[in-house]
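Written below as structure tokens is the structure these notes are about.
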């Protein structure tokens, strides 16, 4: 490649990179401005509120370690959602998959004594399988019967919550007043390394997962095929990719990664499975994936943004009395703006001069073949 | 009606931009009363956009439109219709479950007292209009039961019912058989004789010369010439359209097919999307070293037949054999491995991923060559893509541009580059020149002939008879799901193939029918 060509190529990729950052950055910016207006409307100084938020999320190891603790499950769930979105599958059931993963890790953690070197991997594997199994319901219905996965995933979430709640409150309840499973054995505990939070070694597992998926996406044949399936499944089928088998694999892998979030919570944060432990990490994972535009590295950044905001929101409420839900409002505005961008581009496509007549839409994932 | 020969529409210095894309630059066009004015140009030249500006569908960015001397600026089609402009769109906008009369009056219903629709008046007015212009139709027929040719009549009548003095026909012959086309031309002539003006958008040069009084040629958003059609030749028009002389017929030697059958379809039956029998026990074969063309009016089962062969649809009976691999149904992966290269007509949905980069589009189906175990050798795939871009002259492309940003012709070259470099022996090209400009058509046809000469079997499906005749050594005709004829290209002519496409083989004396007007009316 000549120097000139290399330079064009570099400026081209830079331009593409800058453009891909535009929407997330704009979404965050709009959310900050709108949130500021909201804060001003309730009679507080927005600059002061944001200063406290940033300080509460980032400044000082105690605050930062809480932020990182809250970031860790979001990396897993965000990555899980991003993997499925990239392949054109709308797995929004990460919450339920995480709960089932947590339950599996919680059970293996106390009921299967084994040496540390085996016990932790065993629990993590159980969490992956638990999440994947829970994802297999919407996955099979989607891939083989064409049932809309959004609806099924949405229904599977409360089912998982109630089912795990039943196990924690009845079937395998630990003695005592709390609805929880017995504490996991010491051999299954992920080491924590902060006095100020429950930040634990799970964050390294999360980062490693992102690195693995990033490599998979960019450097493997399967990763290439999954991307093509996401962009145009009919093209993928026409080109000889086994669309249904691959779609099933993506969905199960996505559910498994969501299940890993549960293992981190159980092995690292709570040391036992507690009923209803999640403040909605699975749902926040959708926002993370959207903000990250499905990029695994972007997932790390977006999860940290939301994690830090959540960490800061606790401090904010203590110091100023502004409700910590302000942060949720900010998060929702970000998602709204990103969703609006999505529908704008959709509208933009529709408003072009009319193209050729559309042939009947067919979905190779559900075509009776393969 | 205005005086015959006077200008009824004058469009001057029209400009229209879509963001950065300038679709129309400074186009000026005048239409006289009582003339058939053809507007020709390649796809993407701006013909339809210019007409949408006239019809009020798109606001103009610059220039002036005068209608019978008055400057007008329509805010929507309703105002254009009120001013006497009618448009018959390329894709009909009819309510399929309504009757012909209901469709015609929809939005302009004649009413009796208490706002009741006057059905009797509606039907009689519709029938009378139709009769006057040779557009005979049963006003009570349900539109969904009518063939395309008759649906088009409904659209025309709809415009006439609203008193259109200026009628825009956008690619009206794209869906018609040669006979239906001739009937349409007779109607157009009658309408012009009654003082109405017809604007006829097309890119089929033979038709332009057959029917129009004056011809305007558009190229790159400009009207580059307006002239009376007398004395103009198709070659001249074609070179005006593309800006250089092109061959309209490929030079090819006589075919020397071998006995080896690369494609063999036996008793294939398939069900269409609406549950109808789309293909009825079709049997034929394509041999090595020949080009076989499949002619037929669109919607007679060609799409379903090809989908079955390519593995995108599952047949209910019969078998397909590709280079000796025989089965009821081969998945696309299997048919590709057996030796099929397939260029689908639906580039946007099937043959390409428009939101993917060029190298990704070129690599699908070649992944084995660019993998080491599970690892994808993306740089090698990109290098190959750059080579193919040069070899197939894909303009405006680099390995990393998005397929969406390429023109139709260059997208088609992308498909060809991917499919024809797979080293397979059987090539199926579906509508290879649809949406492709003349310059690129020539290149694509030459490539297909080269494929034949190198001993491959080529199967071409086209709605364009000129394309079928210019390429094929053998011609199959499909009508209502049946292969109704298997002809040697040199022993047949447009007339015969056209008759077969229209289903006239079903009538015993069809061969002796000299005029299309003698046909039994196909009104239901």
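Thinking of segment B:7-242 as a set of Cα atoms, what percent of all their pairs are more than 26 Å apart?
In whole percent, the share of Cα-Cα pairs in segment B:7-242 beyond 26 Å is 37.
Over the protein assembly as shown, with a single point scatterer placed on each C-alpha, what log10 of the ratio I(q)/I(0) does the Debye formula yield at q = 0.09 1/Å?
For the protein assembly as shown, the Cα-only Debye profile gives -1.04.
What Kirkwood Rh does segment A:24-349 have if only Cα atoms enter the pairwise 1/r average? Answer in Å.
20.3 Å
For residue A:161 and residue A:18, what is the calculated FRET efficiency with R₀ set at 51 Å and r taken between the beta-carbons, to the nearest 0.05?
That gives a FRET efficiency of 0.80.
How large is the Kirkwood hydrodynamic radius of segment B:180-289, counting all unique pairs of alpha carbons, in Å?
That comes to 18.5 Å for segment B:180-289.
Hey, could you get me the Stokes-Einstein D for segment A:197-255, Kirkwood radius over alpha-carbon pairs, 25 °C and 0.890 mPa s, rounded to whole µm² s⁻¹?
D = 191 µm²/s.
GNM on chain A, C-alpha springs below 10 Å: top fluctuator among A:121, A:233, A:182?
Result for chain A, Cα springs under 10 Å: A:121 fluctuates most.
Just grab the label-to-label distance for residue A:25 and residue B:443, each label 7 Å out from Cα along the Cβ direction, in nm (one decimal).
Using points 7 Å along Cα→Cβ, the separation is 3.8 nm.
Would you compute, from DSSP H runs of 4+ residues alone, the mean residue ellipticity of chain B at 222 nm, taking -39500 (n - 2.57) per run and dividing by the full residue count, rounded to the nearest 500?
Taking each H run of at least 4 residues, the total per residue is -9000 deg cm²/dmol.
I'd like the FRET efficiency for residue B:253 and residue B:190, computed as 1/(1 + (r/R0)^6) with the beta carbon distance as r and R0 of 45 Å, rounded to 0.05.
The value I calculate is 0.50.
In a GNM of chain A with a 10 Å cut-off on Cα contacts, which of A:332, A:277, A:47 has the highest mean-square fluctuation?
Sorting by GNM fluctuation, first place goes to A:47.
Pop the C-beta distance of residue B:61 and residue B:108 into the FRET formula with R0 = 25 Å and round what comes out to the nearest 0.05.
Step by step, r from the Cβ atoms, then E = 0.20.
Among A:256, A:101, A:88, whose mean-square fluctuation peaks in a Gaussian network model of chain A (Cα, cutoff 10 Å)?
A:88
What relative contact order, as a whole-number percentage, does chain B give when Cα pairs under 8 Å and 6 or more residues apart are counted?
15 percent
Could you give the nm distance between label points at residue B:75 and residue B:145, where each point is 7 Å from its Cα heading toward the beta carbon?
Taking the simple label geometry, residue B:75 and residue B:145 are separated by 4.2 nm.
Contour minus end-to-end for residue B:488 and residue B:91, with contour as 0.36 nm per residue of separation and end-to-end as the Cα-Cα distance?
Length difference between fully extended and current span is 139.6 nm.
Please list the three semi-axes, largest first and in whole Å, of the ellipsoid equivalent to segment B:307-410, using sqrt of 5 times the eigenvalues of its alpha carbon gyration tensor.
Sorted largest first and rounded, they come to 28, 17, 11 Å.
What's the whole-number percent of alpha carbon pairs in segment B:351-423 lying beyond 19 angstrom?
Value for segment B:351-423: 24 percent of Cα pairs lie more than 19 Å apart.
Please give the helix B:438-453 orientation as an angle from the longest Cα principal axis of chain B, in degrees from 0 to 90, rounded to the nearest 10.
30 degrees
Mean separation of Cα pairs under 8 Å and 6+ residues apart, divided by the residue count of segment B:13-117: what relative contact order is that in percent?
Here the relative contact order equals 20 percent.
Kirkwood hydrodynamic radius (Cα pairs, Å) of segment A:74-227?
Value: 17.0 Å, from the Cα pair sum.
Students often get this wrong: which residues of segment B:25-39 have the backbone nitrogen under 20 Å from the point 7 angstrom along Cα-to-C-beta of residue B:132?
Taking a point 7 Å out along Cα→Cβ of residue B:132, the residues of segment B:25-39 whose backbone N falls under 20 Å are B:33-36.
Which whole-number value in Å³ per residue fits the convex hull of the alpha carbons of segment B:328-470?
Hull volume over Cα atoms, normalised by residue count, gives 122 Å³.
Evaluate the relative contact order of segment A:24-349 (contact order divided by residue number), counting alpha-carbon pairs under 8 angstrom at least 6 apart; express in whole percent.
Result for segment A:24-349 is 36 percent.
At 7 Å along the Cα-to-beta-carbon direction for both residue A:45 and residue B:18, put a label point, then send me their distance in nm to one decimal.
5.2 nm
For segment A:105-140, list residues with backbone N below 19 Å from a point placed 7 Å from the Cα of residue A:178 toward its Cβ?
A:105-111
At 0.36 nm per residue, minus the direct Cα-Cα distance, what do residue B:234 and residue B:405 gain on full extension? Give it in nm, one decimal, please.
The span from residue B:234 to residue B:405 would gain 58.4 nm if fully extended.
Kirkwood Rh, Cα Rg: Rg to Rh for chain B?
Ratio of gyration radius to Kirkwood radius for chain B: 0.99.
Taken together, the values in this text are just the output of simple stated rules run on the coordinates, not laboratory data. All values derive from a computational prediction rather than experimental measurement. Counting neighbours? That spans all protein chains shown, and the Cβs are built from the backbone with ideal geometry, glycine included.
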